[in-house]
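Asks: Submitted below is the structure of interest, expressed as structure tokens.
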Amino acid sequence: MPNIDDYELEVLNAYEKGKLKSVATKGELAKFKAAARATAIKDRRVNIRLSSGDLSDIQVRALEEGVPYQTLIASVLHKYVTGRLAERPAPTAKKVPSRAQKRRAASAS
């Protein structure tokens, strides 16, 4: 089991002892169940080609998250199409000029 803090341990113990009670109304529960069913229905298959490096990175990230890599890919795509995928700036890395930029630079000198 991953390391958990005292609060998480307290919640886990309360859950295991049956001390936690739902505060959701019947209407809310019905809405949540319908959303879960709609989300869980996977009725289409897609084949996609990825670079070996990208696939390896996805598999590593999925391992860190504790989910299968296909599930991670589906989750990222779902968040993207629903507008919930937040874009963040890429890590600062040395920018490598393209071939065209190199040719322009060489011809300018």
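Derivation of every value follows stated rules applied to the coordinates shown; laboratory data play no part. For clarity, every value in this text was computed on a predicted model and none was experimentally measured. Quick reminder, even Gly has a Cβ in these numbers, built from the backbone with ideal geometry, and neighbours come from all protein chains shown.
Asks: Specify the angular offset, from 0 to 90 degrees and rounded to the nearest 10, of the alpha carbon long axis of helix 52-65 from the longest principal axis of the alpha carbons in the chain.
Replies: The angle comes out near 30 degrees.
Asks: What spacing in nm lies between the two simple spin-label points modelled at residue 8 and residue 52, each 7 Å away from Cα in the Cβ direction?
Replies: 3.5 nm
Asks: Taking springs between alpha-carbon atoms closer than 10 angstrom, which of 98, 51, 22 fluctuates most in the Gaussian network model of the chain?
Replies: Looking only at 98, 51, 22, the biggest GNM fluctuation is shown by 98.
Asks: Between residue 90 and residue 63, what is the FRET efficiency for a Förster distance of 25 Å, r being their Cβ-Cβ separation, to the nearest 0.05?
Replies: On the way: r = 22 Å, r/R0 = 0.89.
It comes to 0.65.
Asks: Which value in deg cm²/dmol, rounded to the nearest 500, describes the helix-derived mean residue ellipticity at 222 nm for the chain, given -39,500 (n - 2.57) per DSSP H run of n ≥ 4 and division by the residue count? Intermediate results must be reported in sequence, preceding the final value.
Replies: Working: 5 runs with 63 residues, N = 109.
Calculated at 222 nm, the ellipticity per residue is -18000 deg cm²/dmol.
Asks: Another question about this same structure. To the nearest 0.05, what FRET efficiency results for residue 40 and residue 101 with a Förster distance of 41 Å applied to their C-beta separation? Before the final figure, lay out the partial values.
Replies: Details: r = 47 Å, r/R0 = 1.15.
Given R0 = 41 Å and the Cβ-Cβ separation, E is 0.30.
Asks: Among (1) 127; (2) 88; (3) 218, find the value of volume of the Cα convex hull per residue in Å³ that was calculated from the structure presented, and write down its label.
Replies: Label (3) holds the value from this structure.
Asks: Moving on. Arranged from highest to lowest average of other beta-carbon atoms within 10 Å per residue, in what order do the peptides 54-60, 71-77, 35-41 appear?
Replies: Working: 54-60: 12.9, 71-77: 14.6, 35-41: 9.0.
Ranking the peptides 54-60, 71-77, 35-41 by packing returns 71-77, 54-60, 35-41.
Asks: Note down the magnitude of the dipole of region 44-84 about its Cα centre, charges +1 on Lys and Arg C-beta and -1 on Asp and Glu C-beta and zero elsewhere, to the nearest 20 debye. Intermediate results must be reported in sequence, preceding the final value.
Replies: Values: 6 positive and 4 negative charges, 63 e Å.
Dipole about the Cα centre, nearest 20: 300 debye.
Asks: Could you list the GluC sites (Glu not before Pro) in region 42-109 that lie in coil according to DSSP, counting only those with at most 13 other Cβ atoms within 10 Å of their Cβ? Each step should come with its number before you reach the end.
Replies: Working: sites: 64, 65, 87; in loops: 87.
Within region 42-109, the qualifying GluC sites (Glu not before Pro) (loop, at most 13 other Cβ atoms within 10 Å) are 87.
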